[in-house]
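> Structure in structure tokens, see below.
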Amino acid sequence: MTDTMASRTNFDTDLSVRIRAVETIPLHIPFGSPFQIATARESSREFLEALIVRVHTDQGVFGIGETQAWRRQGSAELLPNLMHSIHGQFEPLLVGRSPFDVNAIMQDLNATLYNSLYAQAAIGDALYDLIGKFLNVPVHVLLGGKSRDRVRVGAVLSMKPTVEELVESAQAFYERGFRHFGLKIGIDPAADLRNARALRETFGDGIVLRVDANASMNFDAAANLLRKLEPFDIDVAEQPIAIWDVDGLAALSQAVAMPIMADESVSTDHSLLDIIKRRAATVVQTKTAKNGGIHYIKRLWNLAEAAGMRIYPGNHPSTSIATSAVAHMCAASPIPVMEGVFAVGMSGALADDIAENSIRPIDGEVPVPDGPGLGVTLDEDKLAKYRIEV
Ligand SMILES: [Mg+2]
């Protein structure tokens, strides 16, 4: 028997693998410092609600995926809801099937719970992880191969009580090699202007400055503030107005000089098509949980590329699992992607991680994981430490 035939035989054996069970692990992971954005202004968050999913097979290998119960920015999911969807609706559809049948499985999950993207994200990404582990290749190989070894990422500048503290937080990121900043705006326009001016005075042209209102402003307030921010060379204004107001985003794109990014307004491919048809934004942000993981985000990126939009890879604050999923997608993208905030959980927002090999930015860049699958090894002690009863 030749080597080729031998490996072919092994490959056939791998394809016989079947999904045996789905395990969910709900976690409360503390933030390092309070995470304040314009929506949900009543309180800042003390911990992230993350859900880790393990898809187990009859051959012992398992795949891991992550989603979050973010409960802001259009997310209405709670950890118990996500777990109920996954165990009550998805698990019976998954058990006994081949993890290689990602497209058919995702189609069935969506047919069962329409647009349940937050729940589907963890399952789909776990299947990609599983396939990569079975074939002994990183997920970026499954996505078409690696176009880059490192992915430059941006930092979120969460709201601070004073402009001095805001600049101090930016300085800390700058010293770690970050050059792309997403400044949270939308509660106090005077403070927003002060912050933007202070950042330009401190860093000059040495940084790229973006602003993000998290859908919090009305049209007039947004148009007024964005015009006043124009002298500070803002690269893009992220989701200034309400999720549902796509016509408003289109009008805003005409009314102000800076480009507009749609984030909360984009969930499915249909919602992105709507944005494109109405020319409501020229930048689109995707997130693992919001947009349903790798399986669906691939489609969004293809649509965005075809429409000539810029792609901003984001995430809700997350552990290394969702960070890795986005890093693999960025690595496999043959066209440039923007310096997104998908490493936000690891760039300082979260106090801890649940991976043995945390994916940490080095000089503002995330190294693309090269291990099989997503390349993340779970730290069982950390899982136990942050696990909650639901
Ligand atoms: Mg956003």
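Values quoted throughout were computed directly from the atomic coordinates according to the rules given, and no laboratory measurement underlies them. Note that this is a predicted model, so its numbers are computed, not measured. When we count neighbours, we look across all protein chains shown, and the Cβ atoms used for this are built from the backbone with ideal geometry, even at glycine.
> Please list the non-local residues whose amide H lies under 5 Å from the amide H of VAL366, H modeled 1.01 Å from N, same-chain partners needing a gap of 5 or more.
VAL151, ARG152, VAL153
> Under a plain spin-label model, where a point goes 7 Å from the Cα along Cα-to-Cβ, how far apart in nm are ASP352 and VAL163?
3.9 nm
> Determine the sum of side-chain charges near GLU305: Lys and Arg each +1, Asp and Glu each -1, restricted to other residues whose C-beta is under 14 angstrom from that of GLU305. Display every interim value, and only then the final one.
On the way: positive: LYS298, ARG299, ARG310; negative: ASP269.
Once all neighbours under 14 Å are counted, the net charge is +2.
> Most fluctuating residue of THR282, THR162, THR24 in a GNM of the chain with Cα springs under 10 Å: which is it?
Among THR282, THR162, THR24, the largest mean-square fluctuation in the Gaussian network model of the chain belongs to THR162.
> What residue among PHE203, ILE362, VAL376 has its Cα farthest toward the positive end of the dipole of the chain, where the charges are +1 on Lys, Arg and -1 on Asp, Glu, each on the Cβ?
PHE203
> Past 21 Å, Cα to Cα, is the threshold; run LYS160/LYS385; LYS146/LYS184; LYS160/LYS290; LYS184/LYS290; LYS184/LYS287; LYS160/LYS184 against it and keep the listed order. Mind dumping the intermediate values first?
Working: LYS160/LYS385 29 Å; LYS146/LYS184 32 Å; LYS160/LYS290 26 Å; LYS184/LYS290 19 Å; LYS184/LYS287 17 Å; LYS160/LYS184 10 Å.
Beyond 21 Å between Cα atoms: LYS160/LYS385; LYS146/LYS184; LYS160/LYS290.
> I've got another one for you. Which of LEU27, VAL156, MET217 sits closest to the plus end of the dipole of the chain, meaning its Cα is farthest towards the positive end, when Lys and Arg get +1 and Asp and Glu get -1 on the C-beta?
Of the options given, the answer is MET217.
> Output the peptides 264-274, 334-344 sorted from most to least packed, where packing is the average of other Cβ atoms within 10 Å over each peptide's residues. Could the numbers behind the result be given before it?
Numbers: 264-274: 19.0, 334-344: 21.7.
Packing proxy ranking, top to bottom: 334-344, 264-274.
> Skipping prolines and chain starts, which residues have an amide H placed within reach, meaning under 5 Å, of the one on SER147, given they are 5 or more residues away or on another chain?
Amide H to amide H, under 5 Å and 5 or more residues apart or across chains, SER147 pairs with ALA332, SER333.
> Taking only the alpha carbons of region 144-273, what extent do you get along each of the three principal axes, in Å, biggest first?
Extents along the principal axes: 46, 40, 23 Å.
> Another question about this same structure. Please report, largest first and rounded to whole Å, the three semi-axes of the ellipsoid equivalent to the chain, where each semi-axis is the square root of five times an eigenvalue of the C-alpha gyration tensor. Don't skip to the answer; put the middle values down first.
Working: eigenvalues 259, 90, 84 Å².
Its equivalent ellipsoid spans semi-axes of 36, 21, 20 Å.
> Say R0 is 25 Å: what FRET efficiency, to the nearest 0.05, do ARG148 and GLN171 get from their beta-carbon distance? Please report the intermediate quantities before stating the final value.
Numbers: r = 28 Å, r/R0 = 1.11.
Efficiency for this residue pair is about 0.35.
> Now for a different question. In terms of the Cα gyration tensor, with a ≥ b ≥ c the square roots of its eigenvalues, is region 41-123 rounded because a/c is under 1.5, prolate because a/b exceeds b/c, or oblate?
Numbers: a/c = 2.75, a/b = 1.79, b/c = 1.54.
Cα axes put region 41-123 in the prolate bin.
> Pop out the ³J(HN,Hα) list for region 207-216 in order, Karplus 6.51 cos²θ - 1.76 cosθ + 1.60 with θ = phi - 60°, rounded to Hz; leave Gly and Pro as x.
Taking θ as phi minus 60°, the curve returns 9, 9, 10, 10, 10, 9, 9, 6, 6, 8 Hz for region 207-216.
> Taking θ as phi - 60°, what are the ³J(HN,Hα) couplings along region 47-57 by the Karplus curve (6.51, -1.76, 1.60), each to the nearest whole Hz, with x for Gly and Pro?
8, 8, 9, 10, 10, 9, 10, 10, 9, 8, 10
> For an R0 of 25 angstrom, estimate the FRET efficiency from the Cβ-Cβ distance between GLU201 and ARG71 and round to the nearest 0.05. Please report the intermediate quantities before stating the final value.
Numbers: r = 36 Å, r/R0 = 1.44.
Using R0 = 25 Å, I get an efficiency of 0.10.
> Right, here's the next one. Where the centre of each part is set by its Cα atoms, how far does region 336-377 sit from region 132-196, in angstrom?
11 Å
> Can I ask one more? Quote the charge dipole size of the chain about the Cα centre in Debye, to the nearest 20; the model charges only the Cβ of Lys and Arg (+1) and of Asp and Glu (-1). Walk me through the numbers on the way to the answer.
On the way: 36 positive and 48 negative charges, 111 e Å.
In debye, rounded to 20, the chain gives about 540.
> With the dipole of region 197-322 worked out from charges on the C-beta (+1 for Lys and Arg, -1 for Asp and Glu) around the Cα centre, which of LEU252, ALA322, VAL284 lies farthest toward the positive end?
ALA322
> So if we plug the beta-carbon distance of SER33 and ASN81 into 1/(1 + (r/R0)^6) with R0 = 25 Å, what FRET efficiency do we get, rounded to 0.05?
Working: r = 28 Å, r/R0 = 1.12.
Once rounded, the FRET efficiency stands at 0.35.
> Would you please give the residues with an amide H less than 5 Å from that of HIS180, counting only those at least 5 places away or on a separate chain, with H modeled from the backbone geometry?
For HIS180, whose amide H was placed from the backbone, the distant partners under 5 Å are ALA155, VAL208.
> Does region 88-161 classify as rounded, prolate or oblate by the C-alpha gyration tensor (a ≥ b ≥ c root eigenvalues; a/c under 1.5 gives rounded; else a/b over b/c gives prolate, otherwise oblate)?
On the way: a/c = 2.95, a/b = 1.30, b/c = 2.26.
Oblate.
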